[in-house]
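Visitor: Input: one structure, supplied below.
The values are calculated or read from the model by the stated rules, or taken from the named source; none is laboratory data. Here the structure is a predicted model, which means the values were calculated and not measured. Cβ sites come from the backbone with ideal geometry, for glycine too, and all protein chains shown count toward neighbours. Only protein heavy atoms, including side chains, enter the accessible area calculation; ligands, DNA and RNA are left aside. Shrake-Rupley method; radii C 1.70, N 1.55, O 1.52, S 1.80 Å.
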Amino acid sequence: MSRICELTGTKPIVGHTVSHSNIKTKRRYLPNLVDVTLQSETLGQTFKARIAVKALRTVDKRGGLDAFLAKAKDQDLSAKMLKVKRDIAKKQ
């Protein structure tokens, strides 16, 4: 299972843990991913997705999945969410 947000495309990033003696050790910063079920008002369906908590807050702020996908860039979305976005656009 990949550690990529299906809505924003957030991936792990690489950085350093720096000790008191300034020794740098490589580490990975992982996104905070959760499994959620999102509901589309336009389609009347629910969709399971693995998204970052930050993206979930943005979905709530914009007023739901339909409004979020309307503003989302196609290159950031997963293939499943891109299909949902196109279905919503057809229905509206």
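Visitor: Scan region 75-92 for residues that are in a helix (DSSP H, G or I) and either closer than 11 Å to residue 6 by Cα or open to solvent by 80 Å² or more (accessible area, probe 1.4 Å) (or both) and jot them down.
Guide: Residues of region 75-92 that are in a helix (DSSP H, G or I), as a first pass: 79-91.
79, 80, 81, 82, 83, 86, 90, 91, listed by residue number.
Residue by residue, here is whether (1) part of a loop (DSSP other than H, G, I, E, B); (2) under 12 Å from the mean Cα position of the chain (by Cα) holds:
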residue	(1), (2)
8	yes, yes
11	yes, yes
21	yes, no
27	no, no
37	no, no
49	no, yes
68	no, yes
73	yes, yes
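Visitor: Within region 7-41, how many residues are touching a helix residue (DSSP H, G or I) at 6+ places or on another chain (Cβ under 7 Å) and open to solvent by less than 40 Å² (accessible area, probe 1.4 Å)?
Guide: Total meeting the criteria: 4.
Visitor: Give 72, 67, 52 a once-over and let me know the one that is free of Cβ contacts under 8 Å to residues at least 12 places away in the same chain and either closer than 21 Å to residue 85 by Cβ or surrounded by 12 or more Cβ atoms within 10 Å (Cβ to Cβ) (or both). Step through it out loud before you land on a result.
Guide: Values: 72 fails: free of Cβ contacts under 8 Å to residues at least 12 places away in the same chain; 52 fails: free of Cβ contacts under 8 Å to residues at least 12 places away in the same chain.
Exactly one of 72, 67, 52 is free of Cβ contacts under 8 Å to residues at least 12 places away in the same chain and either closer than 21 Å to residue 85 by Cβ or surrounded by 12 or more Cβ atoms within 10 Å (Cβ to Cβ) (or both), namely 67.
Visitor: Which residue pairs have Cβ atoms under 6 Å apart, sit 6 or more places apart or on different chains, and have a first residue in region 9-30 that is free of Cβ contacts under 8 Å to residues at least 24 places away in the same chain and closer than 27 Å to residue 68 by Cβ and a second that is assigned to a loop (DSSP other than H, G, I, E, B) and of a type in the set (Lys, Arg)?
Guide: As it stands, the answer is 12/3, since those pairs meet every condition given.
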